[in-house]
1. Kindly provide the set of residues from the stretch B:442-458 that are within 20 Å of the chain's Cα centre (by Cα) and outside any loop (DSSP other than H, G, I, E, B), ordered by number.
2. Within the stretch B:120-236, which helices (runs of 4 or more DSSP H) (wholly inside it) include 1 or more residues that are touching a His at 6+ places or on another chain (Cβ under 6 Å)?
3. Here's a check for you: in the stretch A:69-113, which residue that is at pLDDT below 85 and in a helix (DSSP H, G or I) is surrounded by the fewest Cβ atoms within 10 Å (Cβ to Cβ)?
4. Among B:LEU72, B:LEU80, which is the only one that is modelled with pLDDT of 95 or more, surrounded by fewer than 21 Cβ atoms within 10 Å (Cβ to Cβ), aliphatic (A, V, I, L, M) and in contact with a Ser or Thr (Cβ under 9 Å, 6 or more places away or on another chain)?
5. Looking only at the stretch A:36-68, which residues are surrounded by fewer than 22 Cβ atoms within 10 Å (Cβ to Cβ), among the hydroxyl-bearing types (Ser, Thr, Tyr) and either at the interface with chain B (Cβ under 8 Å from one of its Cβ atoms) or in contact with a strand residue (DSSP E or B) (Cβ under 6 Å, 6 or more places away or on another chain) (or both)?
6. Does B:PRO417 satisfy the criteria of being out of contact with any Gly (no Cβ under 6 Å at 6 or more places or on another chain) and surrounded by 23 or more Cβ atoms within 10 Å (Cβ to Cβ)?
7. Looking only at the stretch B:254-277, decide whether some residue is buried (at least 21 other Cβ atoms within 10 Å of the Cβ), closer than 30 Å to B:GLY79 by Cα and touching a Phe, Trp or Tyr at 6+ places or on another chain (Cβ under 7 Å).
8. With the checklist (1) closer than 30 Å to B:PHE185 by Cα; (2) modelled with pLDDT under 90 in hand, flag the one item A:ASN149 doesn't pass.
Amino acid sequence: MAGMVRAFGGLMTNQNYFSTDMEQDVFTPASVFNYYEPDYGVPGTTLMGGEFQIFSPNNAILRTNEVSNLFSQWGSSVQTYGPGTTIDLTLFLPLAANPTTLVDALDLTLTHGVMPAAMKTAIVNAVAANTDGNLRQVQLGCYLILTSNYYNVWH
Amino acid sequence: MIIRTRRDFLRDTVRTAGALGALSMLSRFGQMNAFAASQPGYQALICIFLSGGNDGHNTVIPISTAQQNYSLYAKGRQGLALAQSTLLPINNGNDVYGLHPSMPEMQTLYSKGTMAILANVGNLVQPINRDGYNSNNLAIVPGQLFSHSDQANQWQSAIPNGIASNGWGGRIADLMQSKNAGAVFPPITNSADCGLFCTGQHTFPATVPPPISGFPGATGMATITGVQNSTSPTAGMQQLLKFDNGLQLVQAGNGIVERGNSYAQTLTGLLQSSNITTAFPAANPLAAQLLTVANVMSVRTQLGLTRQIFFCDFGSFDTHGSQLETQQALLQQLSQAVMAFYGATQELGIASSVTTFTASEFGRTLNPSGTDGSDHAWGNHHFILGGGVEGGKFYGTFPSLVLGSENDANNRGTLIPTTAISQYGATLAQWFGVSNANLPIVFPNIGNFGSSNLGFLA
């Protein structure tokens, strides 16, 4: 959550409501071990992935919905979520005229410009299919990237 | 400025599946199978994990036994000793023990023969004595003893040294797949986040949290919120969930999202017909979890499950300070919750088919911490409850409470377990249907111990 907010100019402070929405307040973990163990084995694989310990099926849906609430629901390109935290999508609005350009920009902002081509194509197609205006297109691009497990794993 | 509160978020996330059907095509299960009204041989295991390390020394106390009396306990416990007059007496043959005074319900269950106590069970590579422990030989001593996270992992995986990627609950479920053929829901359910216990090689758990206070619904399961009243987000997400760039972690994440959505859609509608009338205590987080477990069990036929495993996480019992007050409240909640849950299993007519057991990453030192609490230790006492339990008596060997005795690892009343987790789990697994030949799959070190069945289940 912190990474998503910071990517669009927001700050993460202990005044953010959403810092506790996932019951994982960044500043007040329940123990010195934080919320997960580094050597947790990812279900169905032979890999270790500590973050997967808190990525239960239900938490995965909660996270998806949190992204929806943060990035996809509102009628303004600027949203404030508590003291010091403003998510500003305004700079991306003019880019929506060309979905490929928009998604390229979001790729640079969120996935360091290395988004796989197939993933980018899927998002461009979804953005192009949205006829609800440039704000909705930008929000949709953000939503699809931020809910993707490619983004999850990258971050 | 839009101000969102936690309550707003929760409201959004518990919207019903019916209103959010746009992603129903993500379901892996499709149409529900039709099942007969009754399923022969239903059995369920419920693990109550007392997180933080419950202090067993103040949970089960010797009063007058052939081995030792209350005075020895009081000497070791010092300021943490519970007054003898407050203990709830229970008999084990001719020996008299006392339960913590906040556990009258569990005293009743024990006295009626539906609850047993397993003494001094814990994490072991093989049987070990004080000299063996002091050898620091990692071939015979579990790794990272006294560490919360490591011991929780080892308890739940039954692998006392090395890194595990799954747990014994999951491995049991793997072996019982044939009993759940055609099921439309996972055989393992956890009501809070679960560690290794719930994950098998082929079995992944569903998380079914209790209902969120103030919101309707039989569970707190979330479904994906519709976005923008448009179909393009749904279509885009579907494509991305099928996106395969060869990264195993991405595929694992995609699978988790799909399962989360599928589980919620499968269960949410079914539980609307659940009607448990047994009263569960309010403001009791464990009771809320166990009521959810009972609700899920009530629709077991529709889910196509004849074997279910549940995991409830309860605590924190990490009482380095203020132990007397903290543990009193937690054990009261435990006692009241399991009594209500046992009543619910009776209401459902499955009391003899459901076995509930406690676990905890470790016990605590008999000797106080110096800050009104106790410190991380090792062996501990646990409870097994159910209609199939040969209750009203102790299993295992109750330890000497003499500081520095052969049962003590470090002169502080750190109990060296005399019964292994593997033996505890193997007894439960055999009752559940795991064959003797398959026990080493679930408990790799079971062969290091003399008995694989402790006898507390008929």
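1. B:VAL442, B:LEU457
2. On the way: elements: B:130-134, B:148-157, B:168-175.
Those helices (runs of 4 or more DSSP H) span B:168-175.
3. Here the residue is A:ASN69.
4. Details: B:LEU80 fails: surrounded by fewer than 21 Cβ atoms within 10 Å (Cβ to Cβ).
Among B:LEU72, B:LEU80, only B:LEU72 is modelled with pLDDT of 95 or more, surrounded by fewer than 21 Cβ atoms within 10 Å (Cβ to Cβ), aliphatic (A, V, I, L, M) and in contact with a Ser or Thr (Cβ under 9 Å, 6 or more places away or on another chain).
5. Answer for the stretch A:36-68, where residues must be surrounded by fewer than 22 Cβ atoms within 10 Å (Cβ to Cβ), among the hydroxyl-bearing types (Ser, Thr, Tyr) and either at the interface with chain B (Cβ under 8 Å from one of its Cβ atoms) or in contact with a strand residue (DSSP E or B) (Cβ under 6 Å, 6 or more places away or on another chain) (or both): A:THR45, A:THR46.
6. Details: out of contact with any Gly (no Cβ under 6 Å at 6 or more places or on another chain): no; surrounded by 23 or more Cβ atoms within 10 Å (Cβ to Cβ): yes.
In short, no.
7. The answer is no, given that none of the residues of the stretch B:254-277 is buried (at least 21 other Cβ atoms within 10 Å of the Cβ), closer than 30 Å to B:GLY79 by Cα and touching a Phe, Trp or Tyr at 6+ places or on another chain (Cβ under 7 Å).
8. (2)
The values are calculated or read from the model by the stated rules, or taken from the named source; none is laboratory data. These figures come from a predicted structure and were not determined experimentally. Neighbour counts run over all protein chains shown; Cβ positions are idealised from the backbone, glycine included.
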